[in-house]
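J.: For reference, the structure I am asking about is given below.
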Amino acid sequence: MFTGIVEEIGKVQGIRRGEKSFTLTISGSLVLDKTFIGDSICTNGVCLTVTKINNNSFEADVMVETLRRSNLGVLKIGSYVNLERALALDKRLGGHLVSGHIDGVGEIISREKEDNATWITIKASPDILRYIIEKGSIAIDGISLTVAYVDEYVFKVSIIPHTSINTTLLDKIRGDKVNLECDLIGKYVEKLLGLQKQDKVVNSRVNEDFLEINGFI
């Protein structure tokens, strides 16, 4: 698990391509501190497993499913990425709980300055927007942000200078794709409510069958 508080910006140093997947080599310093092979590093919002550690970089495999769900496929040598190590339980949860499992990608359609903040408008599909609520949390390329506006087509976030300086978000331009992970709570609630409805239907049918078999109806 992660918090969506980016620790540092890394740089793609190498891409070793397989038939459909590839292996990334990413520079870093802070995120490599006390990091071991097998640990997780959130890379642009995607949970990647460290497979090799070099002096100032790490390697991670990216499988086909990850490429389908995220924007990692557009990375090239020299691209910058947001990095965060997995959450340590003895630290403050500054953002929100982020799994690193991307729900899909959104598209930046506008940026607008307002005093010290920058508004970013992102278009997303209905199956993602259904989980986004105003004043709720969203992870954009691994950055924990508060939703300031949402409708049936787009949502908006407003970012402060600290976020713009310490992440790659303002490097994006109109038309760029960003990784989106919705808050986990809404998805779990929907799943549980759906199961409860199914259970009620099944129990109702079982009760009716019992009454009919025993001659009550």
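J.: Hey, does segment 191-202 have a residue that's of a type outside the set (D, E, K, R) and modelled with pLDDT of 85 or more?
T.: Scanning segment 191-202, I find at least one residue that is of a type outside the set (D, E, K, R) and modelled with pLDDT of 85 or more, so the answer is yes.
J.: Does Gly106 fit the bill of being under 15 Å from the mean Cα position of the chain (by Cα), under 28 Å from Lys11 (Cα atoms) and outside any strand (DSSP E or B)?
T.: No; evaluated as a whole, the condition is false for this residue.
J.: How many residues are open to solvent by 50 Å² or more (accessible area, probe 1.4 Å) and either under 15 Å from the mean Cα position of the chain (by Cα) or closer than 13 Å to Cys182 by Cβ (or both) if we restrict to segment 109-151?
T.: So the answer is 6.
J.: Is there a residue being in a strand (DSSP E or B), surrounded by 13 or more Cβ atoms within 10 Å (Cβ to Cβ) and modelled with pLDDT under 95 anywhere in segment 8-20?
T.: no
J.: Could you check segment 178-195 and list, in sequence order, the residues that are open to solvent by less than 40 Å² (accessible area, probe 1.4 Å) and free of Cβ contacts under 8 Å to residues at least 24 places away in the same chain?
T.: Residue satisfying the conditions is Gly194 alone.
J.: Let me ask another. State all residues of segment 156-177 that are more than 27 Å from Arg85 (Cα to Cα) and open to solvent by less than 60 Å² (accessible area, probe 1.4 Å); if no residue qualifies, say none.
T.: Within segment 156-177, just Gly175 meets the criteria.
The values are calculated or read from the model by the stated rules, or taken from the named source; none is laboratory data. Bear in mind that the values here come from a model prediction, so they are computed numbers and not experimental data. No Cβ is skipped: glycine too gets one built from the backbone with ideal geometry, and neighbour counts run over all protein chains shown. With ligands, DNA and RNA removed, areas are computed over all heavy atoms of the protein, side chains included. Shrake-Rupley method; radii C 1.70, N 1.55, O 1.52, S 1.80 Å.
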